[in-house]
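Undergrad: The structure's right below; bear with me while I get my questions together.
The values are calculated or read from the model by the stated rules, or taken from the named source; none is laboratory data. Just so you know, these numbers come straight off a predicted model, no measurement behind them. Neighbour counts run over all protein chains shown; Cβ positions are idealised from the backbone, glycine included. Ligands, DNA and RNA are stripped out before the accessible areas are found, and what is left, the full protein with its side chains, is counted by its heavy atoms. Shrake-Rupley method; radii C 1.70, N 1.55, O 1.52, S 1.80 Å.
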Amino acid sequence: MTKNHETTAELRYSAFPCRICGGGLCMMRVCAGRDAIPQHGLIMCDECEAIWTSPDPESRHVYPDAESAACPICQNPLFGDEVRFASQNDLEQLGWAGAIDPTLTMEVDR
């Protein structure tokens, strides 16, 4: 008998390769606050940590403070509970789903 196994993977969406460092993927994240409802999106390089507040790679980018990395919009900790990798549903709610580069989407184990 074959058992159904619950998937332990999730998708991580990227918008573009990093034009700043040239080596990272710009991962799509969402600030959701305590209620888990997406408030706004961020694009963050997984190598140099450059942050865009728009899915446009030509828009202005910023870097988080090394001592206390925070969202440049709401100041929530970038690596806290309120900021997470964006789901497809999150990106649709934010109107950013069209910015996903499917060739850069990764599947990762949870």
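Undergrad: Whenever you get a sec, compute what percent of the accessible area on region 25-64 sits on carbon and sulfur atoms (1.4 Å probe). Numbers along the way, then the final one.
TA: Values: 870 of 1910 Å².
Reported share for carbon and sulfur atoms: 45 percent.
Undergrad: Rounded to a whole number, what is D in µm²/s for region 39-92 from Stokes-Einstein with the Kirkwood radius over alpha-carbon pairs (20 °C, 1.002 mPa s)?
TA: Working: Rh = 11.7 Å.
Rounded to a whole number, D works out at 183 µm²/s.
Undergrad: Here is a further query. So what is the 222 nm mean residue ellipticity for the chain from helices alone, if each DSSP H run of at least 4 adds -39500 (n - 2.57) and you divide by all residues, rounding to the nearest 500 deg cm²/dmol? Walk me through the numbers before you get to the answer.
TA: Values: 1 runs with 7 residues, N = 110.
That calculation yields -1500 deg cm²/dmol at 222 nm.
Undergrad: Let me ask something else. Which of GLU47, GLU58, GLU82 ends up with the largest GNM mean-square fluctuation for the chain, with Cα atoms connected below 10 Å?
TA: Of the options given, GLU58 has the highest mean-square fluctuation.
Undergrad: Once you charge only the Cβ atoms, +1 for Lys and Arg and -1 for Asp and Glu, what is the size of the charge dipole of region 9-101 about its Cα centre, to the nearest 20 debye? Please list the in-between numbers first.
TA: Details: 6 positive and 14 negative charges, 20 e Å.
The dipole of region 9-101 has a size of about 100 debye.
Undergrad: Separate question: What accessible area per residue comes out for the chain, rounded to a whole number of Å², with a 1.4 Å probe?
TA: Values: 6770 Å² over 110 residues.
Computed with neighbouring chains in place, this is 62 Å² per residue.
Undergrad: Moving on. I'd like to know which of HIS40, GLY24, HIS61 lies farthest towards the positive end of the charge dipole of the chain, counting +1 on Cβ of Lys and Arg and -1 on Cβ of Asp and Glu.
TA: Farthest along the dipole direction, towards plus: HIS40.
Undergrad: Mean separation of Cα pairs under 8 Å and 6+ residues apart, divided by the residue count of the chain: what relative contact order is that in percent?
TA: Values: 203 pairs, mean separation 36.7, N = 110.
Computed value for the chain: 33 percent relative contact order.
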